[in-house]
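This report refers to the structure that appears directly beneath it.
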Amino acid sequence: MEVVIRQNYNEMSKLAAQMVAELLNTKPNAVLGMATGSTPLGLYQELVRMYKQGQLDFSRVMTFNLDEYVGLPGNHPQSYAYFMQENFFRHVNVPAQNINVPSGTTSNYPAFCDWYEKRIAECGGIDLQILGIGSDGHIAFNEPTSSLSSRTRLKTLSKQTIDDNARFFERREDVPVYAITMGVGTILEARQLLLVASGKSKASAIAQAVEGPVTSMVTASALQLHRDATVIVDEDAASELTMREYYEFIYAAKPAAPRA
Ligand code: GLP
């Protein structure tokens, strides 16, 4: 796993966007795995800026989102489908038929989950999966104790995740209790993983994911099993890492390292 520490949220976002841009420049028809949450917003804004300046083209890109709340239709302001539309898709040229977000309103979840997995495979698999991290160490909605081999399925959200995400809803009771999410196994099959984290509230989760044991209690620790995983953190999110100097030494010595 490569750990890169940037001074602040903007620098973290710029470097992450640069990695996505590098992929699109070498593979214009790449399959991108998209994430929601407040952390990747800066990364999306940077991609939108590059697109508007003519540096990026998404016309052949295919996207798969990680997860969605169960019970929220795509036009609900707190749904992840709506979030993606507002914060990314409506600003760039990904063709509508190339956008895939799990359905939070299907009548048959097991069938939909099977279809989602098959669709990813049919498209050749995900080239680069963008990830955030929950304060309990989850990726997508793979809450503690999720199998590290899990596939797309329904998950019950943990109390901590409901508390964390309540800020986006009018009342805590409005936060859905269930979500449909790619599994850890699904995520690990992406050819490249890119996790972004910012702020003190993520410091403990990042330290556990990067330097702790691989455990289903911290599903982000499964990134340690991946051969091409990059974790980009800002100073605050890096504050509990013990091997910081080593990560900085490796990054500084890397000749072809992208620079934000
Ligand atoms: C939700 C999402 C995750 C995301 C996490 C952190 O739980 N399902 O994909 O990583 O929130 O969100 P934020 O970046 O807002 O802290």
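The values are calculated or read from the model by the stated rules, or taken from the named source; none is laboratory data. A quick note: this is a predicted structure, and the numbers were derived from the prediction, not measured. Positions of Cβ are backbone-derived with ideal geometry, glycine not excepted, and every protein chain shown enters the neighbour counts.
Summary of values
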quantity: Number of the exception - Leu32 against (1) without any contact (Cβ under 8 Å) to a residue 12 or more places away in the chain; (2) within 15 Å of the chain's Cα centre (by Cα); calculated: (1)
quantity: Odd one out for Ala197, checked against (1) surrounded by 16 or more Cβ atoms within 10 Å (Cβ to Cβ); (2) closer than 20 Å to Pro102 by Cα; (3) of a type in the set (A, V, I, L, M, F, W, C); calculated: (2)
quantity: Filter result for Ala17 (closer than 19 Å to Glu189 by Cβ and either of a type in the set (Gly, Ala, Ser) or modelled with pLDDT of 95 or more (or both)); calculated: no
quantity: Hey, Leu188 within 12 Å of the ligand (Cβ to nearest atom), of a type in the set (A, V, I, L, M) and under 26 Å from Gly42 (Cβ atoms) or not; calculated: no
quantity: Breaking point among (1) acidic (Asp, Glu); (2) within 16 Å of the ligand (Cβ to nearest atom); (3) over 16 Å from the mean Cα position of the chain (by Cα), for Glu117; calculated: (2)
quantity: Output for the range 106-134, where each listed residue is part of a loop (DSSP other than H, G, I, E, B) and surrounded by 17 or more Cβ atoms within 10 Å (Cβ to Cβ); calculated: Ile126, Asp127, Gly132, Ile133, Gly134
quantity: Residue among Tyr80, Tyr51, Tyr9, Tyr44 that alone is touching a residue at least 40 places away in the same chain (Cβ under 8 Å), over 29 Å from Ser135 (Cα atoms) and either among the aromatic types (Phe, Trp, Tyr) or buried (at least 21 other Cβ atoms within 10 Å of the Cβ) (or both); calculated: Tyr51
quantity: Odd one out for Pro102, checked against (1) over 24 Å from Arg172 (Cβ atoms); (2) in contact with a Cys (Cβ under 9 Å, 6 or more places away or on another chain); calculated: (1)
quantity: Among (1) at negative phi; (2) within 13 Å of the ligand (Cβ to nearest atom) - the single one Gly137 does not satisfy; calculated: (1)
quantity: Selected residue (only one of Leu148, Leu154 is touching a strand residue (DSSP E or B) at 6+ places or on another chain (Cβ under 7 Å) and more than 13 Å from the ligand (Cβ to nearest atom)); calculated: Leu154
